[in-house]
Amino acid sequence: MKILCLHVDYINFKPLKKALKNVAELSEKEKKGEKVAESLVVLTAVEKGDVVKESVKKLVENVEDIAKQVKIKTIVLYPYAHLSSNLASPEIAEEILREGEKELKKKFRVVRAPFGYYKEFELKVKGHPLSELSREIKSGIISGNEKEKKEIEEYNPQDFLHEIKQSKLDTSKLKDNDHRIIGQEMELFLLNQSSPGMVYWLPNGTIIYNELIKFWREEHQKLGYQETITPLINKSALYKVSGHWAHYKEHMFIANTDEGEYGVKAMNCPNAMVIFGSKPRSYKELPLRLSDTDRLHRYELSGTLGGLLRVRSFQQDDSHNFVAEEQIKDEYNQIIKICDKFYSIFGMKYFFRLGTRPEKFMGDVKLWDKAEKELKEILKQSGKKFSILKGDGAFYGPKIDILMEDSLGREWQMGTIQLDMQMPLRFGLKYVDKDNKERTPIVIHRVIYGSLERFIAILLEHTNGRLPTWLAPIQIGVLSFTDRNIPYAKKIVKQLGENIPNLRINTDFESTTVGSKVKNAEIMRIPYIIVIGDKEEKDKTIAVRIRGDSKIKTMKIEGFIRDLKTEIENRK
């Protein structure tokens, strides 16, 4: 069983029509739906292998645990099959929900949404860190070893091969500029059932990925950032020290070994703490900016996955900046300048949101109040638009999130700048100040792109795939008008390559119409399409189609090379 628990200000739901034939008819009151004020909404998906008695017991235990944490007395049990693709029979699912309702009613007010009906719903989720919690509840009558043996005996490799071959994108409900459609047309990435929520980056997409990291790396090296690489898997003890095991374990992939539990890295901060604490530190080293682009893995429920916008495996342009208390303001101001440079280069608008102390927090209230006051002042002085969301800070400190709207008007968190006063304390980190006294550093967790996957998705939709030339997977397309123009076209390709190192050129010298060649190049969103015909060959010129413009521009190759080289070097 999978559950997603949402602490909401309200939920309003209404059944529309039957999704299952054999479910009971609803009363007139039930048909009108229901609006429930502040409550814990428990979205549930019962899966194959779930045993009624054991599943009910574990469902109740998990709901009680979460309800206690968020201090709530009203539960909404909401059947939500979208959380899983491995659903149990409707009869088993309904029985588990019915019995779960009976047990929960002993301690809570319980509202159960209709089972087996298509429903519309509206809800408002609270903003604190515990407002969205997912759990996977495992139950079954077969022991672990017996179950594994049974699965191996019943396994048919052809079934799985058939499943991954059927991993095709359904475009019927997607907008034309959806990043999944653009990614398919430009051959950027694959999403496949062999690894749900984890992206197969194709050669063209890998170019975009690497160019973004290259730009990030160049700009941060100028500012004294030092890049690191840390282990992908760590002992659970590391996450217990950092506090993540208590606050984030449910969202981590766990590996059990003969040495105990390991966690697949879902965040980089504990490893950065290990590096800082690996040797004695002096105030002269601060700010110490330890950056990385390591791959992270988080267990997101299957029903919440969506293209590149919400995935289970991703990379961040991460950094952990260790500073003295008096350096906080200057460090934040520098980071805000970095944000401006990175987002303005793509013409993307953004704004900030300050998240303040949540209900469940670590540390001293006075220190929190002081930090929040200082961050508000920094944001005011920046001149940037910002809002405040009470209770939305991380458990270890207040944070500033970088927010953007996508092409559909949806708001996404991209980067974040988090002030952490607690984790250095938990790891016992120290540095020696100018008076030769030991002090605890403060760490600023910060990412600018955020998840590269999410950033690329929004960038593709923002530009409709027409990326800046420096970032485009294919920068130049060279097409021949006829076969007799191929030698001159090859000469142009050679001249381009000799004058602009690492230029990404695609040629199309097939014996097809120019119209067909241009159409193929347009699908790939190639910024510059050069067509070579008899006139161009005679005049020693090139005919250039620029970014889908129907007007063709005739140019000398020398001038075109000069302008293109400047455009790429300056990342225009």
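The values are calculated or read from the model by the stated rules, or taken from the named source; none is laboratory data. Note that this is a predicted model, so its numbers are computed, not measured. Because the Cβ atoms are built from the backbone with ideal geometry, glycine has one as well, and the counts that use them run over all protein chains shown.
Within the stretch 393-415, the residues that satisfy the criterion of being in a loop (DSSP other than H, G, I, E, B) and buried (at least 16 other Cβ atoms within 10 Å of the Cβ) are Gly393, Phe395, Tyr396, Pro398, Asp406. Can you pull out every residue in the stretch 368-392 that is within 19 Å of Glu325 (Cα to Cα) and surrounded by 14 or more Cβ atoms within 10 Å (Cβ to Cβ)? Across the stretch 368-392, the qualifying residues are Trp368, Ala371, Glu372, Glu374, Leu375, Lys376, Ile378, Leu379.
I'd like to check something: does the stretch 105-120 contain any residue that is free of Cβ contacts under 8 Å to residues at least 24 places away in the same chain, assigned by TED's automatic domain parsing to the domain that holds Ala37, over 29 Å from the mean Cα position of the chain (by Cα) and within 16 Å of Lys53 (Cα to Cα)? Let's see the steps before the verdict.
Filtering the stretch 105-120 for residues free of Cβ contacts under 8 Å to residues at least 24 places away in the same chain gives 105-106.
Remaining after also requiring assigned by TED's automatic domain parsing to the domain that holds Ala37: 105-106.
Keeping just the survivors that are over 29 Å from the mean Cα position of the chain (by Cα) gives 105-106.
Add one more test, that the residue is within 16 Å of Lys53 (Cα to Cα), and what stays is none.
No.
Scan the stretch 498-537 for residues that are of a type in the set (Ser, Thr, Tyr), farther than 19 Å from Pro203 by Cα and either at pLDDT 95 or above or under 35 Å from the mean Cα position of the chain (by Cα) (or both) and jot them down. Tyr528, the sole residue that qualifies. Reported count of residues in the stretch 234-261, each being within 23 Å of the chain's Cα centre (by Cα) and closer than 23 Å to Gly428 by Cβ, is 10.
Scanning the stretch 505-522 finds no residues that are touching a residue at least 60 places away in the same chain (Cβ under 8 Å) and under 26 Å from Ile208 (Cβ atoms). The set of residues in the stretch 238-249 being out of contact with any strand residue (DSSP E or B) (no Cβ under 6 Å at 6 or more places or on another chain) and touching a residue at least 12 places away in the same chain (Cβ under 8 Å) consists of Leu238, Val241, Ser242, Gly243, His244, Trp245, His247, Tyr248, Lys249. Filtered by the rule that a residue be surrounded by 13 or more Cβ atoms within 10 Å (Cβ to Cβ) and either outside the structural domain of Asp292 (by TED's automatic domain parsing) or hydrophobic (A, V, I, L, M, F, W, C) (or both), the stretch 202-231 gives Leu202, Ile207, Ile208, Leu212, Ile213, Phe215, Trp216, Leu223.
Just give me the residues in the stretch 88-113 being assigned to a strand (DSSP E or B) and surrounded by fewer than 17 Cβ atoms within 10 Å (Cβ to Cβ), in sequence order.
Correct list: Arg109 only.
Going through the stretch 449-489 one residue at a time, which ones are part of a helix (DSSP H, G or I) and either over 20 Å from the mean Cα position of the chain (by Cα) or among the aromatic types (Phe, Trp, Tyr) (or both)? Working first, answer last.
Let us first name the residues in the stretch 449-489 that are part of a helix (DSSP H, G or I), namely 452-463, 483-489.
Hits for the stretch 449-489 are Phe455, Asp483, Arg484, Asn485, Ile486, Pro487, Tyr488, Ala489.
Figure legend. Inter-residue proximity from the stretch 323-337: first residues assigned by TED's automatic domain parsing to the domain that holds Gly224, second residues among the acidic types (Asp, Glu) and part of a helix (DSSP H, G or I), beta-carbon distance below 7 Å, spacing 6+ or different chains. Indicated pairs: Val323/Glu331; Ile328/Glu374; Lys329/Glu374.
Just one of the numbered conditions (1) of a type in the set (Gly, Ala, Ser); (2) out of contact with any strand residue (DSSP E or B) (no Cβ under 9 Å at 6 or more places or on another chain); (3) closer than 15 Å to Arg109 by Cα is not true of Ala37: (2).
Only one of the numbered conditions (1) in contact (Cβ under 8 Å) with a residue 40 or more places away in the chain; (2) surrounded by 20 or more Cβ atoms within 10 Å (Cβ to Cβ); (3) part of a loop (DSSP other than H, G, I, E, B) is violated by Arg289, and that is (3).
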